[in-house]
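Have a look at the structure below before the remarks.
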């Protein structure tokens, strides 16, 4: 990670000071009494499962902290992606969701992107529309858009995904390139994930930052890579492990009595024991429906919520993992094979 | 008299969530527009399910399980509603929601 952004400091000729904040470094530049510029430097690997998870989360949390501190002032937050080499949809969607929420809830906060021209990250930011929010004129040569960036798609919404599903899978004929039954399973899974986000994720606000869930309660990505379609849905809500003891006390106590105490255990428990927070018996098929696609071996699935990660492989095997640092939200990701067409 | 409908053509290619609170084209809307009128007037209704993007479980449960909660019986549904799909697991899923709602209604 960058500790001393000399080129940046020289270019702007501002008085600088540095302060350490755990493993990542925030660079504050003061240019006048009421104007401050803050620099967030993202790590080389942009993932929530592989390397640098904690660095990515710290950077995103730092953005939130700066937004709260800068609100009401003429502040600008610089997002430095020059070190980023590998981008995974799970981490990118969390940043995208946070930025989108800030864009919706804090009109006076301004962002500036620092990046290498025409890099993969620059192309992704451009493709997703984040460059526009940040008034970043990405120098992207449209004739040489990378193959692995060209098929990134995004959408967001307040209610269930509905017609916007086509924004992420229908363009460029993706829908015709995946098995019909799988596509229908994926639609159903996306409906349930987005419904869960809009109905259940924002029952409380546990964070200091304002959540504009009336503008967007979920965010969705799709990506095509290595003959597979990845679809990711993210919310910034209270998370599954937080909700479980409050809304499903019986199940929570049962899991605890069985020694299943971690966040991953609680997520897996919610998948395997359907019943929603409403307590009405006929509700609560959402999470199993979300997992069905993987359980029927039509693809794989991962759920990240707070510290826990639960994955179901193509063979239907479930794996659990816990991390130290939590994410503020829930991310569901499906990966399904492309069976025909130009993407093979 | 028998009526044939297609969910995709006559309702929506994009079936939504459980209720209108979840957005457009919800299971509740489908139930009130097609299922309840057919059952009330004892009209046979054949429903082609396949020409949509797919279904969320909440749409199906509210549309078909919800019919039982509205006071109709499983026998009413079996008699007047015919489900048409090339996917047997979709019909099994709907029948499961109807059977579960029916069981709960008998417990109450």
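Computed from the coordinates by the stated procedures, all read-outs in this text should not be read as laboratory data. Here the structure is a predicted model, which means the values were calculated and not measured. Please note: Cβ atoms are built from the backbone with ideal geometry, for glycine as well, and neighbour counts cover all protein chains shown.
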For the stretch A:52-135, the Cα convex hull volume per residue in Å³ comes to 86 Å³
Binned at 10 Å starting from 0, the alpha-carbon pair-distance distribution of the stretch A:53-95 in whole percents comes out as 23, 51, 23, 3
Between the modelled labels at residue A:207 and residue B:79 (7 Å from Cα along Cα→Cβ) the distance in nm is 5.5 nm
Rounded to two decimals, the Debye log10 I(q)/I(0) of chain B (Cα scatterers, no solvent) at q = 0.16 Å⁻¹ is -0.64
Percent of all Cα-Cα pairs per 5 Å bin for the stretch B:16-55, counting from 0 up to the last occupied bin, reads 6, 22, 23, 25, 17, 8
Distance in nm between residue A:318 and residue B:105 label points, each 7 Å along Cα→Cβ, equals 3.2 nm
So, for the Cα atoms of the stretch A:191-340, Rg and Dmax in Å stand at 15.2, 48
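Using a Förster distance of 60 angstrom, determine the FRET efficiency expected from the C-beta separation of residue A:167 and residue A:258, and round it to 0.05. All intermediate terms of the calculation are to be shown ahead of the outcome.
On the way: r = 42 Å, r/R0 = 0.70.
With a Förster radius of 60 Å, E is 0.90.
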